[in-house]
1. Which far-off residues, 5 or more places away or on another chain, put their amide H under 5 Å from the one on residue B:307, with H placed in the peptide plane?
2. Where Lys and Arg each count +1 and Asp and Glu each count -1, what net charge lies around residue B:509 among other residues with Cβ under 13 Å from its Cβ?
3. Which residues' amide hydrogens lie under 5 Å from the amide hydrogen of residue B:510, considering only partners 5 or more residues apart or on another chain, with H built in the peptide plane?
4. Determine, for each peptide in B:453-464, B:141-152, the mean count of other beta carbons within 10 angstrom over its residues, then list the peptides with the highest first.
5. At 7 Å along Cα-to-Cβ for each site, give me the label-to-label distance between residue A:106 and residue A:262 in nm.
6. Please state, as a whole number in µm²/s, the translational diffusion coefficient that the Stokes-Einstein equation yields for chain A at 25 °C and 0.890 mPa s, with Rh defined as the Kirkwood radius across alpha carbon pairs.
7. Among B:315, A:101, which comes first, second and so on when ranked by fewest other beta-carbon atoms within 10 Å?
8. In nanometres, what is the gap between the two model label sites at residue B:115 and residue B:267, each 7 Å from Cα along Cα-to-Cβ?
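None of the figures in this text is laboratory data; all of them are computed from the coordinates on show. Because the structure is a prediction, the values reported are computed rather than measured. FYI the Cβ positions are ideal-geometry reconstructions off the backbone, even for glycines, and counts take in every protein chain you see.
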Amino acid sequence: MWGLNLPIVLALAAIGGVLAWRRAHTLVWLLYTGGALWAFFRFGFTVPIPQSVATIYLGITGLALVSYASSSRERLAETVQPIQRLILEPRYRLALAGLLVALPGLAAYNAYADLTMPLEAPGFGREIHPPPPTELTVHDETIDMATAENPYLHYKHDDPELYGKHVENGRRVYYENCFWCHGDGMGGDGMFAHGLNPVPSNFNDVGTLPALQSSFVHWRIAKGGPGMPAGGTPWDSAMPAWEKFLTTEEMWDVNLFIYDFNGYEPRALGQH
Amino acid sequence: MTAHANRRTRTAATFATAALILALPAVAQVDLGTEEQRAAGKVVYDKYCGQCHGDTGDGNGYATPRVRPKPRDFTTGKYKFRTTPNGMLPTDDDLRRIIEIGAPYTSMPGWPNLTSAEIQNVIYYIKTFSPDFENPDRYAEPIEIPRPLESTEESVARGRVLYEEQACGACHGEVGRGDGASAPTLVNDKGDPIRAADLTQRWTYRGGPTKEDIYRTFSTGLNGTPMPSYADSLEVEDRQHLVNYVYSLGDGDDPNYGTLITAVYSAEPIDLQDEETLDALFESAPMTRFPLVGQITEPGRNFFPPVTSIEAQAVYNRDEIAFRVRWHDLRADTSGRNNPSLEVPMWDEDNGIGGDAADDAGDSDDFFGDFGGEEAPAEDDFFGDSGDDFFGDGGDDFFGTADAGAGGAEFSDAVALQFPASLAPEETPELKPYFLYGDAQNPVDLWFVNLTYGVADTFRGRGSDSIEPTEADIVEAVTSYDQGAWTVTYKRRRSSRAGVSFAEEQYTPVAFSVWDGFNRERGNKRALSSWFYVYTEPSVEQAVAGPVLRAALIVLAIELLVVFLVRRRARQKAADEEASGATLTATEAPAV
């Protein structure tokens, strides 16, 4: 879900819960927050996130933690007190020696892991649903994106037979053109999907079609990857500009079909 | 909803018991399900299967002209993936297996989301398409699949002898790359061209990659295809040795697709003409496999590319960089034309060689215009010249090569590496040219090799309709075809004034295209990859010990400093306290 590695995230949250329940010491909280963030960035995602982004976040939160700890004299005293005791009290001598050895060891390991980490191609984020244009011209016909709707959608109630014909034509268009990428069952897992980056959209997903107006989907179908603004990395998207292959009617029909197949309705006009 | 789910579990339970009862006596018998089950199966079929297998089960769905292998025609009663002897009907479990996991690298997907009962119902429905399922004589017991033998050297050697004796190589090629002498002539029962499996790429086996799957494949044969059954000609034990040999041909269980070529440094000169040292040079460079898929984004679409992956590596020295790519192809097509911008008429999107190009081209109107819509203006363009091409030289040439086999196709094999013409500006590192031949603002450079000539031509691409030859950089290439594998090695100077330079520690985008002339691929009808990267590894090996030691020492120093400071302060405090403590005792004298 959202590229998160759920077991790790849940484990981190659980540790936090236990600490809250046991009313842990401020120092423990600080160590936990720092450590948990580090672990979250290192292991918390199933999709690789750029190292530089993680470093920036960790740097900022590190500063925030330090300024929190030193925000008042009492808090500072409370935070450093256990450290002082560790260093000063003879009964902790062994623990101190252990720590003196362990921390450099950890640093060495971290440096080693960084140096020997298998190389990875650089990855960049992209906007999945970039803002659409206000107007859309397809085959010499211009529509207003805010008010346009699939012209055949209303047949669903007005004329079910005609609606069925449009859906069937959309089915034909889909299985002549789309399933290699978006998949037979529309899971975004067609037989070519493994070779594409970004991967084709998953139309089973409730976060995709139901969240979009039919005019947005029309825009994406007609103009494809190259029609996106830079935030959507148009140069990487294999999504074809279907106006090169299909009639306007065919594009609305396939639009109708992908909603119908999944049992979804487009987001209504004016709904945000 | 609950009632529905309940019904499902109940049906599933019934089936489980039924399966148990059936399994006990292990007698094959006619089981066509109930009327209700078949009706439920039809609902599933009409939603998920008919678009390929046809609403009447004849294999003629919407997708059929554009997929290869074609969807199974259920009216013939012939099935490929069976545990039953050659010519017999599959068991329900056989059908269930293919519906659950699909046939990899074909358009037949797995359907993991269907419930067990839904699958059983759709199986009952599929059976209604062929009268064979009512005929008890067409049923047989599944063959017994023994546990695989240990893969010892002797077993593999014995398997190799059998592979040669049985002439598997005539179709599959000597080392199994699907390049046997008769491979280009193979067709299935319906006259559609079919390729002998590439035995080295186990992950593409349609019937499954395990030793049991392989044993089953050549024990029962794949009905309707040239792949025979060897149950009669080979003893069980020999078949087990043969499994071990076929398995040993494989390049691993998994394609292990990567995203990065690591170019390694070498002090040696790179001499393309000196095969031996060149091979030695590439020996040290890691090899990465990249997935290729059909180009189906722009006109000239390629719906069934036979080449599904390419391997690549790179080395560089002070002045030059060399790339080596390798892929499998059933034969070397080295007599035809090819270049990245050759036109592909619309009718040729649906047809590879063989089959009935004329019919399909003739009724392609049906596909595009029959549902009341006016034709897209753009489409006119395709149909405009498709007619000409087809009835003119396209048609002639086409029939000229349909009985191919003897080499000499109309189009030659070819390959291209694609790089951006310049690297992304620092403030927008994600910016790249459009991965399909670039765009007007951000062009690409193509290092194109037509394998008829075996030399590299360079092109600058600003989109599919703007690909011009350039001569800014000299790219050299050598090529070889060996037992079903093409190898092409490129070399260029690392620095370039017109195109991209390969600096050390730089990530440079790279993409690949492969054309199989036998599949009539040319121009935009190609197999291609998305953008990947080549990383030029630093020439001086990075020492690990230094930085590791440094990190440890820095932390240790900080620790010691903290301990020292804390202790000193504590001592000072104690001293202060002692001093003030003396006064305290004097004035207040607290109890100790």
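1. Those lying under 5 Å, H to H, from residue B:307: there are none.
2. -2
3. B:532, B:533, B:534
4. Those peptides, ordered most packed to least, come out B:453-464, B:141-152.
5. 4.4
6. D, rounded to a whole number, is 105 µm²/s.
7. Result, fewest neighbours first: A:101, B:315.
8. Rounded to a tenth, the inter-label distance reads 7.1 nm.
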